[in-house]
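The values are calculated or read from the model by the stated rules, or taken from the named source; none is laboratory data. Fair warning: this is a prediction, and the values are worked out from it, not measured in the lab. FYI the Cβ positions are ideal-geometry reconstructions off the backbone, even for glycines, and counts take in every protein chain you see.
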Amino acid sequence: MKTLSVDIRRADPQDAEAIAAVHDRAWRGAYAGIIPHRALNAMIGRRGPRWWANAIRRSATVLVLEIGGEIAGYATLGRNRARELKHAGEIYELYLAPEYQGIGLGRRLFQAAREMLAAHGLRGLVVWALEENIAAINFYQGAGGRDTAEGVEVFDSKALRKIAFVWD
């Protein structure tokens with residue numbers, strides 16, 4: 001029997017290709033049928049390996065979840081961008097490759113992201129999710145997030161509601 005290790009660490013530029021692959025598969029799985037096809041393809045196309053390597057080099061905080069040395073998920077995080085919400089930290093993205101979803105790894109990555117924000121003095125947390133992304137809504141509700149604000153994102157003239165979940 002082989003035991004695989006699960007590690008969560010800061011990304012480095014060499015991870016860019018693997019993160020781009022997870023991003024592509026996770027976004028297609030999460031948003032197909034929600035975000036218009038052309039807009040979704042354009043968004044994914046802009047975030048290839050070069051984009052991720054540059055983001056990591058520019059000091060973006062990107063965490064990766066590795067299983068047996070293979071990147072299975074990522075989270076991006078930093079200061080809250082919504083001035084109307086008092087919470088200092090924000091998880092901008094948290095995604096797992098589809099085959100790793102539903103087995104508790106997302107909770108581990110979410111907790112590691114929260115701990116990193118707290119370690120940087122960012123108290124309180126905001127996460128936004130598209131209202132039609134039921135899996136994300138259920139995940140953040142299950143993690144104790146309170147639905148406190150709404151917004152709208154427009155993709156190819158299609159307006160989609162988004163919900164802010166917060167933790168104090």
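Given the criteria at pLDDT 95 or above, among the aromatic types (F, W, Y), surrounded by 20 or more Cβ atoms within 10 Å (Cβ to Cβ) and more than 26 Å from S5 (Cβ to Cβ), does W167 qualify?
Numbers: at pLDDT 95 or above: yes; among the aromatic types (F, W, Y): yes; surrounded by 20 or more Cβ atoms within 10 Å (Cβ to Cβ): no; more than 26 Å from S5 (Cβ to Cβ): yes.
Taking the combined requirement at face value, the residue does not satisfy it.
Could you please tell me which pairs satisfy a Cβ distance under 9 Å, a separation of 6+ or placement on different chains, a first residue in segment 84-106 that is closer than 20 Å to A119 by Cα, and a second residue that is in a loop (DSSP other than H, G, I, E, B) and among the basic types (K, R)?
H87/R123; A88/R123; G89/R123; E90/R81; Y92/R81
Can you go through G73, G121, G145 and tell me which one is surrounded by 13 or more Cβ atoms within 10 Å (Cβ to Cβ) and touching a residue at least 24 places away in the same chain (Cβ under 8 Å)?
Numbers: G121 fails: surrounded by 13 or more Cβ atoms within 10 Å (Cβ to Cβ); G145 fails: touching a residue at least 24 places away in the same chain (Cβ under 8 Å).
Only one candidate qualifies: G73.
May I ask you to verify whether W52 is closer than 30 Å to A159 by Cα and free of Cβ contacts under 8 Å to residues at least 60 places away in the same chain?
yes
Go through segment 110-168 and tell me which strands (runs of 3 or more DSSP E), entirely inside it, have 3 or more residues that are in contact with a helix residue (DSSP H, G or I) (Cβ under 7 Å, 6 or more places away or on another chain).
Because the criterion is at least 3 residues that are in contact with a helix residue (DSSP H, G or I) (Cβ under 7 Å, 6 or more places away or on another chain), the strands (runs of 3 or more DSSP E) in segment 110-168 that meet it are 125-130.
Which residue, of R25, R47, R9, R58, is more than 25 Å from I137 (Cβ to Cβ), basic (K, R), at pLDDT 95 or above and surrounded by fewer than 19 Cβ atoms within 10 Å (Cβ to Cβ)?
Working: R25 fails: more than 25 Å from I137 (Cβ to Cβ); R47 fails: more than 25 Å from I137 (Cβ to Cβ); R58 fails: at pLDDT 95 or above.
Testing whether each residue is more than 25 Å from I137 (Cβ to Cβ), basic (K, R), at pLDDT 95 or above and surrounded by fewer than 19 Cβ atoms within 10 Å (Cβ to Cβ) leaves just R9.
Name the strands (runs of 3 or more DSSP E) wholly within segment 31-100 that hold at least 1 residues that are in contact with a helix residue (DSSP H, G or I) (Cβ under 6 Å, 6 or more places away or on another chain), of a type in the set (A, V, I, L, M) and over 17 Å from P13 (Cα atoms)? Spell out how you get there, then give the answer.
Working: elements: 61-67, 70-79, 89-96.
Counting at least 1 such residues, we get 89-96.
Only one of N80, N138 is without any contact (Cβ under 8 Å) to a residue 24 or more places away in the chain, under 15 Å from the mean Cα position of the chain (by Cα) and either surrounded by fewer than 21 Cβ atoms within 10 Å (Cβ to Cβ) or farther than 27 Å from E17 by Cβ (or both). Can you tell me which? Explain how you work it out, then say what you get.
Numbers: N80 fails: without any contact (Cβ under 8 Å) to a residue 24 or more places away in the chain.
Only one candidate passes the filter, namely N138.
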